[in-house]
1. Dipole of the range 1-144, Cα-centred, from +1 at each Lys and Arg C-beta and -1 at each Asp and Glu C-beta, to the nearest 20 debye?
2. Using Cα springs under 10 Å in a Gaussian network model of the chain, which residue among V15, V31, V42 shows the largest mean-square fluctuation?
3. Compute the projected area of the convex hull of the Cα atoms of the chain, averaged over all viewing directions, and report it in nm² to one decimal place.
4. Can you give the Rg to Rh ratio for the range 10-72, taking only C-alpha atoms and Rh from Kirkwood?
Amino acid sequence: MGRLLTVLGLVGVIVGLAAAALLLKFAPPSVAVWAAVPALLVGGIGSGFVISPNVTMTLRDVPVRMAGAAGGALQTGQRLGGAVGTAALPGTYYLALASSGDDYRLAVAASVGVGIVAICAALGISLIEWRTDRGATAAPCPPEVAHSHCHATHI
């Protein structure tokens, strides 16, 4: 169920961000921001569908004795991804702004478009993982994870 939530959530994020980018680009300036609010709400709800199941699925097969190290590695990956996104999206914005003669609407659309491309990549990986999980059969839990999530699914 977790992979399905992740896939549906990523689709929601893509739809919400794409709709917001189009509205910010083409809606009249006086209403563009308010018109984008419902689209951003859809994207935010989709993001909520992704975060919790993704953490659970990432750490579900980690032996209990390695839980701290695995959680630290996950947090490091999240921080690295956040830093790259924080650099790439504003960088795209300012590059588009400079090359378009200060067309702010185009710059916002281009920046959000780069984010959508990255989320599409995540969706592709999620679809592959979902198909892999659907075809896999559950193996018995090894003794070192007897009190973990894995064990709970085999009771």
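1. Working: 8 positive and 6 negative charges, 29 e Å.
Approximately 140 debye in magnitude.
2. V31
3. Details: hull surface 42.1 nm².
Across all orientations, the chain yields a mean hull projection of 10.5 nm².
4. Values: Rg = 17.6 Å, Rh = 13.6 Å.
With Rg and the Kirkwood Rh in hand, the quotient comes to 1.30.
Quick note: the coordinates plus some simple rules give every number you see, no bench work behind them. Remember, predicted model here, so these are calculated numbers, not experimental data. Counting neighbours? That spans all protein chains shown, and the Cβs are built from the backbone with ideal geometry, glycine included.
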